[in-house]
Amino acid sequence: MEKQINNPKLRFSEFKEEWKKKRLGEIGITVIDGDRGTNYPNGTDFSDEGYCLFMNAKNVTKNGFSFIQKSFITKEKDELLRKGKLQRFDIVITTRGSVGHISYYDLNVPFEHLRINSGMALIRTTNEIINSDYLYKYFNSNQIQNEIDKISFGSAQPQLTITEIIKLKISFPTLPEQTKIANFLTAVNDKLTQLKKKKSLLEQYKKGAMQKLFSQELRFKNENGDDFAEWEEKTLGEIAIKITTKNRNNIVNNVFTNSASQGIVNQRDFFDKDIANQNNLLNYYVVENNDFVYNPRISNFAPVGPISRNHLQTGVMSPLYSVFRIIHGNLDFFEVFFSTSEWHEYMESIANYGARADRMNITSSNFYLMPLPFPCHAEQTKIANFLSAIDDKINHCGVQIEKMEGWKKGLLQKMFV
């Protein structure tokens with residue numbers, strides 16, 4: 001039998017009909033861009049609430065609709081516009097800047113009146129040849145995204161025209177098979193959404209638990225069911241030693257960076273290149289496994305700079321960082337403590353902001369006077385183990401999400417042509 005080249009690699013067994021491949025314009029699909037006329041809204045036309053949500057690039061992301069930021073226009077302004085009003089089950093595609101982001105205006109979107117701006121287009125099915133949900137899933141596949149990359153133009157500001165979109169070819173089976181494919185992939189998406197929600201709830205629970213634990217609103221009991229001793233307060237200098245071991249003779253060449261979002265990572269992995277001069281690391285500090293590192297650079301993730309624990313092998317750090325080794329106390333306990341904001345107020349109180357706005361200017365002596373909570377070792381261990389168990393669940397969810405996203409990607413490659 002002659003090979004059916006139009007059929008996908010993975011298919012539901014009850015369907016045998018040959019797939020077709022046609023341009024969007026040949027199968028009754030309409031593509032409409034946003035209005036660019038004199039009545040185009042701007043400035044004072046927008047408000048935080050109103051009749052019609054007027055979408056911008058932040059509302060259509062690579063992961064679908066996002067409504068964290070919203071701009072509304074009045075009914076009167078909406079009625080002055082000629083194009084770009086969405087109907088249910090329209091698909092939205094970005095056509096300028098981040099080209100090819102796709103969103104679907106299904107019944108889950110909680111707005112009755114939506115308009116696209118001039119950097120988007122809506123794709124609308126006008127007959128029963130194509131299931132709109134199937135078309136949305138198809139537009140998320142590598143097959144169509146690769147075609148979009150080919151036809152978009154411009155390097156600084158990529159663009160995609162309505163003329164080119166309408167020429168795009170899509171492969172499609174009969175309507176019942178389209179519906180089954182769309183429903184199956186929706187079930188996969190629903191499972192992914194549930195896993196992501198579970199992970200988010202666990203992260204919120206951990207955050208709340210940490211706040212209660214370090215404020216001592218929540219306390220553990222000892223093995224006999226009795227209260228642990230009252231917490232002490234110690235300075236960082238009382239429980240840790242300052243590490244200033246220099247990289248003599250350039251023996252160590254693993255250069256580390258303390259990232260606010262990822263913790264201590266190899267510089268080459270983080271920047272995808274060497275930033276430090278590999279031939280002159282003599283003045284860098286040697287950092288051993290389980291040492292802690294403070295990076296004075298501030299960011300949205302770390303408003304007073306991050307303190308992270310080294311889970312890697314021996315490496316070196318720029319002398320701009322502060323390296324210390326905890327010698328009294330549970331390392332897991334203090335690693336969790338430094339992931340909270342409990343110590344931020346002290347750092348802000350001792351900082352000299354006269355030097356650089358993006359870096360905390362703190363003397364070493366003041367840094368090691370940082371006050372730290374110090375429960376007894378047994379309670380430190382209980383707190384660390386409790387939070388570690390939550391981390392294990394969060395990480396397990398993360399692994400499940402990663403596996404399912406990989407599986408979904410494979411499905412999209414094999415279920416479409």
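Which lysines have a Cα lying under 20 Å from the Cα of Lys414, excluding residues fewer than 8 positions away in the same chain?
The reachable lysines, counting only those whose Cα sits under 20 Å from Lys414, are Lys3, Lys9, Lys16, Lys20, Lys21, Lys22, Lys137, Lys169, Lys180, Lys191, Lys403.
Taking the Cα centre of segment 193-317 as origin and charging only Cβ (+1 Lys, Arg; -1 Asp, Glu), how large is the dipole, in debye to the nearest 20?
That gives a dipole near 640 debye.
Given axes a ≥ b ≥ c from the Cα gyration tensor, I'd like to know whether the chain is rounded (a/c under 1.5), prolate (a/b larger than b/c) or oblate.
Prolate.
Over the chain, what is the relative contact order in whole percent, taking alpha-carbon pairs under 8 Å and six or more residues apart?
16 percent
Per DSSP H run of n ≥ 4, the term is -39500 (n - 2.57); total these for the chain, divide by its residue number, and report the mean residue ellipticity at 222 nm rounded to 500 deg cm²/dmol.
-10500 deg cm²/dmol
Just need the relative contact order of segment 168-283 here, percent rounded to a whole number, with Cα pairs under 8 Å and 6+ apart.
14 percent
Could you work out the local net charge near Lys150, counting Lys and Arg as +1, Asp and Glu as -1, over the other residues with Cβ closer than 13 Å to its Cβ?
Every neighbour counted, the sum reads -1.
Report the Stokes-Einstein translational diffusion coefficient (µm² s⁻¹, integer) for segment 232-374, Rh taken as the Kirkwood radius over Cα pairs, at 4 °C with viscosity 1.567 mPa s.
D, rounded to a whole number, is 83 µm²/s.
Rounded, prolate or oblate for segment 170-322? Axes are the square roots of the Cα gyration tensor eigenvalues, ordered a ≥ b ≥ c, and the cut-off for rounded is a/c under 1.5.
It comes out oblate by the Cα gyration axes.
DSSP loop trypsin sites (Lys or Arg not before Pro) in segment 171-269 with at most 15 other Cβ atoms within 10 Å of their Cβ, which ones?
Those satisfying the criteria are Arg219.
Over all pairs of distinct alpha carbons, what does the Kirkwood formula give as the hydrodynamic radius of segment 98-253, in Å?
Averaging 1/r across every pair of different Cα atoms and inverting gives 22.4 Å.
Arrange Trp407, Trp19, Trp231 by Cβ neighbour counts within 10 Å, fewest through most, would you?
Trp407, Trp231, Trp19
Given a cut-off of 26 Å, name the pairs among Lys207/Lys242; Lys198/Lys221; Lys212/Lys234 whose C-alpha atoms lie farther apart than that in the structure shown.
Lys207/Lys242; Lys198/Lys221
If you take the charge dipole of the chain about its Cα centre, with +1 on Lys and Arg Cβ and -1 on Asp and Glu Cβ, which of Phe301, Phe72, Phe256 is farthest toward its positive end?
Checked the options; the winner is Phe72.
In whole Hz and in residue order, list the ³J(HN,Hα) couplings for segment 15-24 that follow from phi through the Karplus curve 6.51 cos²θ - 1.76 cosθ + 1.60, θ = phi - 60°; x for Gly and Pro.
9, 10, 5, 5, 6, 10, 9, 9, 6, 4
Dipole of segment 149-200, Cα-centred, from +1 at each Lys and Arg C-beta and -1 at each Asp and Glu C-beta, to the nearest 20 debye?
360 debye
For a protection proxy built on the mean count of beta-carbon atoms within 10 angstrom, sort 9-16, 156-163 highest first, please.
So the peptides 9-16, 156-163, ranked by packing, come out 156-163, 9-16.
Non-local amide H neighbours of Phe65 (under 5 Å, H modeled in plane, Pro and chain starts lacking H): which ones?
For Phe65, whose amide H was placed from the backbone, the distant partners under 5 Å are Tyr104.
Rounded if a/c is under 1.5, else prolate if a/b beats b/c, else oblate: with a ≥ b ≥ c from the C-alpha gyration tensor eigenvalues square-rooted, which is segment 349-417?
oblate
Roughly speaking, what is the centre-to-centre gap between segment 24-78 and segment 162-227 when only Cα atoms are used, to the nearest Å?
27 Å
Normalised by the residues of segment 53-143, what does the relative contact order come to in percent, with Cα pairs under 8 Å and at least six apart?
Computed over segment 53-143, the figure is 32 percent.
No value in this document is a laboratory result; all are computed from the given coordinates. Everything numeric in this text was worked out from a predicted model, so none of it was measured. Note that we place each Cβ from the backbone using ideal geometry, even for glycine, and neighbour counts take in every protein chain shown.
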